[in-house]
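This report refers to the structure that appears directly beneath it.
Each reported figure results from applying straightforward, stated rules to the coordinates on display, with no laboratory input. All values derive from a computational prediction rather than experimental measurement. Note that each Cβ is placed from the backbone with ideal geometry, even for glycine, and that neighbours are counted across all protein chains shown.
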Amino acid sequence: MENCIFCKIIGGVIPSERLYEDDKMIIIKDIAPKAETHLLMIPKKHYSDITGLDVTTASELGECLLKLQEISRKLGFSDGFRLIINKGEKAGQTVFHLHIHILAGDNLTGF
Ligand code: 5GP
Ligand code: ZN
């Protein structure tokens, strides 16, 4: 997708360290972390937000989530983490390529 910053990262046009990668997604560090650990799980296919999925793509996203057990162990945050998906500007979405925030660390406040 042209002019999509996450498509550019996925395509390697904008360099970004990949903490994890498989055929469906990448995981990178958020450029402006809001927690001790703040990662972004980004599906390689461009969907503008969580409401744009059909059954097949929802299932692919589910496969990505299922990998979190192993990934969280490898990356050292398996003792606790929070997932956030923003949908729409009103909720704080600023990049319109579906992504899941992964927050972890000692100072996660409750909400
Ligand atoms: P949203 O607000 O759309 O839910 O989340 C977008 C996130 O992407 C923000 O937390 C922002 O800091 C992060 N972000 C925006 N541009 C870049 C970038 O070029 N590289 C990385 N690693 N993160 C980015
Ligand atoms: Zn995109």
Exercise for the section: Working from Cα positions, state the angle (0 to 90°, nearest 10) between the long axis of helix 55-66 and the longest principal axis of the chain. Expected result: 30 degrees
Exercise for the section: Go through region 1-34 and name the GluC sites (Glu not before Pro) that are in a DSSP coil and have 16 or fewer other Cβ atoms within 10 Å of their Cβ. Expected result: Glu2, Glu17
Fill in the blank from the handout: Sorted by chain and number, the residues with a modelled amide H under 5 Å from that of Tyr47, at a separation of 5 or more or across chains, are Leu98
Completion exercise
Given backbone amide H placed at 1.01 Å from N, residues whose amide H is under 5 Å from that of Asp30, ignoring those fewer than 5 places away on the same chain, are His38, Leu39, Leu40
Exercise for the section: Apply the Karplus parameterisation 6.51 cos²θ - 1.76 cosθ + 1.60, with θ equal to phi minus 60°, to every residue of region 3-16 and state each ³J(HN,Hα) to the nearest whole Hz, in sequence, with x for glycine and proline. Expected result: 6, 9, 4, 6, 4, 5, 5, 4, x, x, 5, 10, x, 7
Practice task
Could you please rank Tyr47, Tyr20, placing first whichever residue has the fewest other Cβ atoms within 10 Å of its Cβ?
Solution key: Tyr20, Tyr47
Fill in the blank from the handout: Note on region 1-52: C-alpha Rg/Rh, Kirkwood Rh, two decimals, gives 0.96
Practice task
Tell me the GluC sites (Glu not before Pro) within region 30-79 that lie in a loop according to DSSP and have at most 14 other beta-carbon atoms within 10 Å.
Solution key: Glu36
Problem - region 1-105, dipole about Cα centre (Lys/Arg Cβ +1, Asp/Glu Cβ -1), debye to the nearest 20 - result: 180 debye
Handout entry: For region 76-93, Karplus couplings with θ = phi - 60° (6.51, -1.76, 1.60), whole Hz, Gly/Pro x
Key = x, 10, 6, 7, x, 7, 10, 10, 9, 10, 8, 10, x, 4, 4, 8, x, 5
Problem - Tail weight of P(r) past 23 Å, computed on alpha-carbon pairs of the chain, percent - result: 26 percent
